[in-house]
Amino acid sequence: MGECLWGAVLRVVAVQAAWALCWGQVRYSVPEEAKAGTVVGRVAQDLGLEAGEAEARRLRLVPGGRRASVEVSGASGALVVSSRLDREELCGKSAPCALRLEVLLERPLRVFHVELEVTDINDNAPTFPAARKNISIAESSLVGSRFPLEGASDADIGANAQLSYTLSPNEHFSLDIQKSNERNIVPELVLRKPLDRETMAVHRLLLTASDGGRPSLTGTMELVISVLDANDNAPQFHLSLYKVQLPESAAVGTLVAQVNATDADEGINSEVTYTATSFIPPNGRDVISLNTKTGEIHLTGALDFEEVSMFDFRIEARDQGWPPLSSHCSVELEVLDVNDNAPEVRVTSLSVPVSEDASLGTVVALLSVWDRDSGSNGRVRCWVWPSGPFVLEATLSGSYSLVLRELLDRERVSEYEVEVRAEDGGSPSLGGRVGLRVPVSDVNDNAPSFAQAVYTVLARENNLAGAELARLWARDPDEAGNGRVSYSLWEGALGGGSGSWGSGGSVSVGGVAASSYVSVEAESGVLRALQPLDYEEVQVLQFEVRAVDAGEPSLCGNATVQLFVVDENDNAPALLPAAGGGAEAGAVSGEAGTLWAWASWGSPSGQVVAKIRAVDADSGYNAWLRYELWEPRGKSALFRVGLYSGEVSTARALEEADGPRQRLVIVVRDHGEPARSATATLSVSLVEGGEAALAAAAGSSSGSGPAAAAATNVWLVVAICGVSSLFLLAVVLYGASRWAPRAAVLSGPGPTTLVCASEVGSWSYSQRHSRSLCVADGAAKSDLMVFSPNFPPPPGAAPKDTQPEPPNLLDTVSGPPPVSFLSPENSPLFRSL
């Protein structure tokens, strides 16, 4: 039975939690007057949010129509007090004081309803309707007579608003509490002893109200009890005639006078009311008003000495006794003349706008000034404010001219707001003014000016015709047509890599005008390309753009534009033919699209057998070439190629089992985006060491010319001949040992090739530049190396193997080749070059 009961309870709790989660209902309570920053509740935690999730999902309070004085902290997700909470201001006497708030969760969007109850604290003391209560009691009143009093009110609720009353000790009165209902308690004053006006005419008591708060707060009201006598005295004025003088400028509400009548009686018999009668002239009723209780006379209308200079009326004082008694007095109000007419300024003629090149003394406006007062009140002086390029000159009595005393500049001040002020000689003086708006018309006195004297513009090559390259803007402070600028291309010249600078600072290439490549829109100043730009043709365009305004006469300004064409990778690498019979390239053309090279069996690993040469017409990274070996399928790698040098070398020692010939496919790529490539086919014949030497000598001899022979150093020739002799001797010995002598291959000395060596190879630029750059990591290695000359293919030797299917490309980075280095200082070949 117990288990069933607990199960039911758990199910009820789960249902209530699910309902609260679906409807997003959270309840909090906070006492009023809580300090700013007080944490009301952990909204983020109560809504099931993780730490830091409140700020990430932007938990915030939706502002409503009523000021809530609370806010949600973005960092902690807590509901905190942001400003003063006053329950009485928010809910008045309503209980409970519950505020419905909406909390918004933006990511994802979700709204939660939060109910905040502001609890009451005892922060309001009981208050009476008035601090003093006047009570009139006839001295003939009977003992036990009751006099109801107005009770106090408390803005708090509950126990904090439960009031109790006490009366200061006295022998004539006591306090009795009457309950009309549960919420309304009425205190009553009870007469306990007969009154005697002659003994004590006024009784002063203190009524105190206390609430039920802890600590208790109190409020007091003074009870002034007047003992009434019989009405046997009439009111009496202190004066029978009141004379008053007021200036006609007296403001409405001014106290004119105060009449006073006294009555020797007490209580209601001495209460006097006043009434005004017999106005001369009758419109005096609209000018003054009388306070029936205090006897104060106030001004309710404007006085005008020119219309009425004197007002007469009578005042009656009547008491409240029975029968009522009364008396009368007279009042004379004399109106005094004052300086109440201000000077009037009127514009009779205005000539605007004023041209900014107007001469000094130009009359801008004619004005008339007058004052309806007389004497010193009618004497007027005039001036212009603020002091500027205008001055006021008197022409006739009451007539003035506004003239120009300084030159104008519309670009500095385009319009003047001035006032012509006038002041009379009264005391106090009065003034009048009139405002003038004087616009300045423009003349074409400013030439267009560019923000920069020289503009640098970058444009990629192969751009579309009509593409926007730049936007030029010239400022002309003039207005309308004088400031309307049109742009044009001022014919300069074309600049490029092979251009030359002229005397005027422009660049020319082939005499082609810049207008053949670019144009400028006349109205917008947009610089557009007329045709696609080619970096390999043009690298720099320098020209001038002229800005001309539409004034009369027109003025102009110039700016120089330097347009630099940015290279793109639009040229693929191009393979170079073998120079001098292939001595430098390490190969000789044997058939169309194929390079030939020879290597001897037994060559060690790293032996250079050929060098692939290629150039790229682009520049920078787009012309930085790398060489990759496309290896055949199913064969072990015998050769490798230098990643940046293009040198083909042996990857291991060559053996007769490797076959008589190897065909290599070498891909040359640049570093552009996207990269472009070219492919070279290299056929390497594997021969005996002597044959390789003879083939190399024959290839070098057949490829040498007069220019190469002249450039060859004598000592280098001797060295090559010695090496050739050694190779020939080795071939003879090898043939004798094998009893199978091979056909002799004649060879001769060939021209050596100078290569700038480094770890990353050589940087090839466009042929148009005719430049080379060597890059080295670490210590400089710009030494000269001498490669063995390449060999022509043996007579009648045609490649028998077919080109294999190209496999995946492999990036092969070769190590430094085992070649001899000669320092530039010691090399006789370097000195000869």
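The values are calculated or read from the model by the stated rules, or taken from the named source; none is laboratory data. What you are looking at is a predicted structure, and each value in this text was computed from that prediction instead of being measured. Cβ placement follows ideal geometry from the backbone for every residue including glycine, while neighbour counts extend to all protein chains displayed.
Miscellaneous remarks
- Comparison of Val244, Val287, Val224 shows that the only residue that is among the β-branched types (Val, Ile, Thr), buried (at least 19 other Cβ atoms within 10 Å of the Cβ) and more than 60 Å from the chain's Cα centre (by Cα) is Val287.
- Test: residue in the range 179-187 that is of a type in the set (A, V, I, L, M), surrounded by 12 or more Cβ atoms within 10 Å (Cβ to Cβ) and on the phi < 0 side of the Ramachandran plot: yes
- Residue match in the range 127-138 (condition: in a loop (DSSP other than H, G, I, E, B), at pLDDT 80 or above and touching a Pro at 6+ places or on another chain (Cβ under 7 Å)): no
- Residue in the range 603-612 that is at positive phi and modelled with pLDDT of 60 or more present: yes
- Test result for Glu266, over 14 Å from Ser327 (Cα atoms) and either among the charged types (D, E, K, R) or not assigned by TED's automatic domain parsing to the domain that holds Lys293 (or both): yes
- Elements of type strands (runs of 3 or more DSSP E) contained in the range 317-375, each with 3 or more residues being modelled with pLDDT of 90 or more and of a type in the set (Ser, Thr, Tyr): none
- Residues located in the range 613-664, provided they are of a type in the set (A, V, I, L, M), in a loop (DSSP other than H, G, I, E, B), at pLDDT 85 or above and touching a helix residue (DSSP H, G or I) at 6+ places or on another chain (Cβ under 9 Å): Ala617
- Every residue from the range 228-260 that is in a strand (DSSP E or B) and in contact (Cβ under 8 Å) with a residue 60 or more places away in the chain: Leu228, Gln236, Phe237, Leu241, Tyr242, Lys243, Val244, Gln245, Leu246, Pro247, Val256, Ala257
One line per residue, one yes/no per condition, for (1) of a type in the set (Val, Ile, Thr); (2) part of a loop (DSSP other than H, G, I, E, B):
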| residue | (1), (2) |
| --- | --- |
| Gly77 | no, yes |
| Ser94 | no, yes |
| Leu99 | no, no |
| Glu102 | no, no |
| Val114 | yes, no |
| Glu117 | no, no |
| Asn122 | no, yes |
| Ser140 | no, yes |
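- Residues of the range 205-219 satisfying the condition of being in a strand (DSSP E or B) and surrounded by 16 or more Cβ atoms within 10 Å (Cβ to Cβ): Leu205, Leu207, Thr208, Ala209, Ser210, Gly219
- Residue-level analysis places Glu536 among those that are modelled with pLDDT under 90, more than 30 Å from Leu664 (Cα to Cα) and in a loop (DSSP other than H, G, I, E, B).
- Scanning the range 146-169 for residues that are part of a loop (DSSP other than H, G, I, E, B) and either touching a Phe, Trp or Tyr at 6+ places or on another chain (Cβ under 6 Å) or loosely packed, with under 15 Cβ neighbours inside 10 Å (or both) yields Glu150, Ala152, Ser168, Pro169.
- Within the range 202-222, the residues that satisfy the criterion of being in contact with a helix residue (DSSP H, G or I) (Cβ under 9 Å, 6 or more places away or on another chain) and either aromatic (Phe, Trp, Tyr) or in contact (Cβ under 8 Å) with a residue 60 or more places away in the chain (or both) are Asp211, Gly213, Arg214, Leu217.
- Residue list for the range 603-622, filter: closer than 18 Å to Leu576 by Cβ, touching a Pro at 6+ places or on another chain (Cβ under 6 Å) and not aliphatic (A, V, I, L, M): Asp616
- Filter result for the condition that a residue is loosely packed, with under 15 Cβ neighbours inside 10 Å and farther than 30 Å from Ser397 by Cα, over Ile297, Ile280: Ile280
- Complete set of residues in the range 261-271 that are crowded, with 20+ Cβ neighbours inside 10 Å and in a strand (DSSP E or B): Ala261
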